[in-house]
Amino acid sequence: MEALDRAREERDERYFDPAATERQQARTPVASDAEQKIVYTQTRVLEPSTAYLRKKRVISGPTDPVANHYSVMRTHVIQRMRSNDWRVVVVSSPNEGAGKTLTAINLAISMARETNHTVLLADIDLRRPSVLRYFSDERLPGLSDYLLEDRPIPELLINPGIERLVILPGHRPVIHSAEMLSSARMVSLIEDIKRRYPSRLVIFDMPPILVSDDVLAFSPYFDAALMVVGEGDTRRGDLEKALGLLGDKPLLGTVLNRSDETSKAYGYY
């Protein structure tokens, strides 16, 4: 069934993104569907250098010092998502400065290294979009252009040189972000992503929960939340308040970031 879902995703992606994400696969008689190499023929492909990624603390390869920590986190996240039939996860934090965006990026990269699904990382932090700057210094269009100027999504998606990972950047800040996140245009986009890509896992980088009501406004459209807290930065009371605001929305887990103890760095519990 999973192989059929993957085949359907590869076929239907042309509908969602006929000009930018059409993909051709180099097939060999001995390779399984999960092992086929994806070649992005029209999608905008960025090729950040290893030095650039390391400077931004983004996983630059399997030998990266933090890659193993995220691999452990990835395993927990994917297992819980599959056991609960979840496909859309929000990464947030109680307040600013906990490292939620970098956590979302590195988790997405680690998840994309598994060959039985694709990953979409979307920058839904409309007030302070920042995902793209971890991969490039270019100013490229993004979600704000789709919401405010009817820019087609196919023109916005990016492959950061990592197979099976596609990024929807944010671009310009949006003032009335909560209203835009619950707009008919945004809802239509989310429903289309869910319906047409049954084997794709989606990660949304969103604003801190206590900074705005964006996560609450967007709660009908994601399955679970991953909470990032910074050691020495996040107060227990703020974490408890943020978890309370999630209401009955499932908590996928909590990430302890910036720990002074090496063994706890990027801890997941």
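The values are calculated or read from the model by the stated rules, or taken from the named source; none is laboratory data. What you see is a predicted model; the values in this text were computed from it and never measured. Note: ideal-geometry Cβ built from the backbone for every residue, glycine included; neighbour counts use all protein chains shown.
Tell me the residue from 126, 46 that is closer than 29 Å to residue 155 by Cβ and either touching a Phe, Trp or Tyr at 6+ places or on another chain (Cβ under 9 Å) or surrounded by fewer than 20 Cβ atoms within 10 Å (Cβ to Cβ) (or both), please.
Working: 126 fails: either touching a Phe, Trp or Tyr at 6+ places or on another chain (Cβ under 9 Å) or surrounded by fewer than 20 Cβ atoms within 10 Å (Cβ to Cβ) (or both).
Just a single option satisfies the conditions, and that option is 46.
Give the residue, chosen from 144, 219, that is part of a helix (DSSP H, G or I) and in contact with a His (Cβ under 8 Å, 6 or more places away or on another chain).
Step by step, each of 144, 219 is checked, and only 144 is part of a helix (DSSP H, G or I) and in contact with a His (Cβ under 8 Å, 6 or more places away or on another chain).
What are the residues in the stretch 222-238 that are assigned to a loop (DSSP other than H, G, I, E, B) and more than 17 Å from the chain's Cα centre (by Cα), if any?
Selection gives 231, 232, 233, 234, 235.
Please count how many residues of the stretch 161-179 are assigned to a helix (DSSP H, G or I) and surrounded by fewer than 20 Cβ atoms within 10 Å (Cβ to Cβ).
2
Being closer than 30 Å to residue 49 by Cα, among the basic types (Lys, Arg) and in contact (Cβ under 8 Å) with a residue 24 or more places away in the chain is true for just one of 196, 200, 185. Which residue is that?
On the way: 196 fails: closer than 30 Å to residue 49 by Cα; 185 fails: closer than 30 Å to residue 49 by Cα.
One residue alone meets the criteria, 200.
For the stretch 109-168, give me each residue that is touching a Pro at 6+ places or on another chain (Cβ under 7 Å) and of a type in the set (Asp, Glu).
123, 125, 155
Taking into account only those residues within the stretch 85-121 that are in a strand (DSSP E or B) and among the β-branched types (Val, Ile, Thr), which is surrounded by the most Cβ atoms within 10 Å (Cβ to Cβ)?
Taking the candidates together, the pick is 90.
Listed residues 107, 132, 102, 121; which is more than 17 Å from residue 54 (Cα to Cα) and touching a residue at least 24 places away in the same chain (Cβ under 8 Å)?
121
Would you be able to say whether some residue in the stretch 196-215 is at pLDDT below 90, in contact with a strand residue (DSSP E or B) (Cβ under 9 Å, 6 or more places away or on another chain) and not in a strand (DSSP E or B)?
Taking every residue of the stretch 196-215 in turn, at least one turns out to be at pLDDT below 90, in contact with a strand residue (DSSP E or B) (Cβ under 9 Å, 6 or more places away or on another chain) and not in a strand (DSSP E or B).
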